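The structure appears below as structure tokens.
Bear in mind these aren't lab numbers, they're just calculated from the coordinates by the rules spelled out. These numbers come from a predicted model, not from an experiment. Here the Cβ is made from the backbone with ideal geometry for all residues, glycine too, and neighbour counts use every protein chain on show.
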Ligand code: SAM
């Protein structure tokens, strides 16, 4: 949407605050930069980048980040997107994963995770090790979150559909790192989100600030002593940015504002815009007129203290009946080149089999959409491998692989759920595009039939 259609009060506020820079800001905010973040779970960054068929430039603050230097590149429909080689994301949103800096083995919570841009970034940086809880309060948004985590090959995440209050009541002080990518007035998305433009008013800004303070109250409870809490918005409204952080610090003496790394393009805050304390200048802002992307606000908070020595460990038990294990083992042994996982196996009420990182006692009673990595399902006495299993595999992990070149018309046929002639041994076959996973096919009777999930088919 063009800047002429933006709310006059928004334009007036920003012009007053930014002065001479406001023309450059308003022009840049109307730009439609497209970023793609490479997925290191798929391979070395340099090699992945070399495979992309588009002209791209690096995002200066994110090693995985690129932004397109050409218009109309079909990044959303390319088979590499389907194969989880990258995630389409605004360049300034890519800074969340850099600033929170989650480590392999940590316990990390993304409290407002859908559609999964930041959660998939956190997961990749954790190298699929530790525990990632991706929570989304809006039920309708959880399925796209699941699709994205699965598409990118994430195996250590659980997806919850909960309120921050209910999570905080159960998991007090549990997490090394918590991300609050807060619902906000979305001024940074004005060029592509007409609803954000339509809904904008000073009252909406105030309402968002109120809601954000409530979410941060709960988020604080979830952070362990010594842990980190990253707050982010895609708006410039200081009431929702510096204002929320000032109020938080005022009422949480056990937290301090942590210094941000000197990332290129990252500027300090503007407490003077709303009469907030000078200390809040230590927050970070990315602007659309000083680099790629639409702009983002971040504040990194650290909870004082040291972690106790009673942090829970990743669960290694099993919660699956022996009769299902007897069905599961042979099918997965025939399909995989490694021993099928048994530590953390969990069978849900639909007879779907997951590898879960958390002891089920820790989440009993909470609304869970994916209790872990969904690897197989049991139906009518038969176990079949799940799509999410395929999406976390490399070609050497599967007994049988059908690798297609990206230009091969069979790629489209596979994604449409079709079949083709193939005489190899019967059983499940991992279909890949240039070595990146697309899903399962089943071979038998001289044919290879796509098992690409119905809800994802083209
Ligand atoms: N982190 C996501 C990503 O990178 O793809 C984007 C998150 S979006 C900016 C904010 C999310 O907060 C929305 O999915 C929205 O449903 C959720 N939300 C709305 N109200 C909330 C509340 N009261 N508590 C927690 N989350 C809320």
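Could you tell me the calculated FRET efficiency between residue 138 and residue 170, based on Cβ-Cβ distance and R0 = 25 angstrom, to the nearest 0.05?
Step by step, r from the Cβ atoms, then E = 0.80.
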Measure nothing but the geometry: give the 0 to 90° angle between the long axis through the Cα atoms of 8-18 and the longest principal axis through the Cα atoms of the chain, rounded to 10°. 70 degrees
Using alpha carbon centers only, the range 394-458 is separated from the range 152-195 by a whole-angstrom value of 34 Å
Full extension between residue 316 and residue 193 adds, at 0.36 nm per residue less the Cα distance, a length in nm of 39.9 nm
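To make sure I understand, if each residue's beta carbon is the centre and we count other beta carbons within 10 Å, what order do 62, 191 fall in, fewest to most?
In order of increasing Cβ crowding within 10 Å: 191, 62.
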Ordering of 228-240, 377-389 by packing [mean C-beta count within 10 Å, highest first]: 228-240, 377-389
For residue 258 and residue 407, extending 7 Å from Cα along the Cα-Cβ vector and measuring point to point gives, in nm, a value of 4.7 nm
Where a label projected 7 Å from the Cα of residue 5 along Cα→Cβ would reach, residues of the range 288-330 with amide N under 19 Å: 294
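Under 1.5 on a/c is rounded, so check that first for the range 288-412, then, if it is not, pick prolate when a/b is larger than b/c and oblate when it is not; a ≥ b ≥ c are the square roots of the alpha carbon gyration tensor eigenvalues.
oblate
Could you work out Rg/(2.2 N^0.38 Å) for the chain, with Rg from alpha carbons only?
Cα Rg divided by the expected 2.2 N^0.38 Å: 1.02.
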Return the distance in nm (one decimal) between the two label points of a simple spin-label model at residue 325 and residue 362, each offset 7 Å from Cα along Cα→Cβ. 2.2 nm
Computed [θ] at 222 nm, helices only, for the chain once each DSSP H run of length n ≥ 4 contributes -39500 (n - 2.57): -7500 deg cm²/dmol
For helix 322-335, what angle does its Cα long axis make with the longest principal axis of the chain, in degrees from 0 to 90 and rounded to 10? 90 degrees
Take the alpha-carbon positions of the range 146-269, form their convex hull, and give its projected area averaged over all directions (one quarter of the hull surface) in nm². 9.6 nm²
Label-point gap, in nm, between residue 23 and residue 457 - each point 7 angstrom along Cα→Cβ: 5.6 nm
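Quick one: compute the contact order of the chain, relative version, from alpha carbon pairs under 8 angstrom and 6+ residues apart, as a percent.
Across the chain, relative contact order equals 14 percent.
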Give the distance, in whole Å, between the Cα centre of the range 307-383 and the Cα centre of the range 1-21. 52 Å
Computed over the range 229-342, the relative contact order (Cα-Cα under 8 Å, seq sep at least six) in percent reads 29 percent
What is the angle, in °, between the Cα long axis of helix 202-222 and the longest principal axis of the Cα atoms in the chain? Nearest 10 is fine, range 0 to 90. 60 degrees
Sorted from fewest to most neighbouring beta carbons within 10 Å, what does the list 155, 204 look like? 204, 155
Exposure proxy ranking, count of Cβ atoms within 10 Å, fewest first, for 442, 118, 361: 361, 442, 118
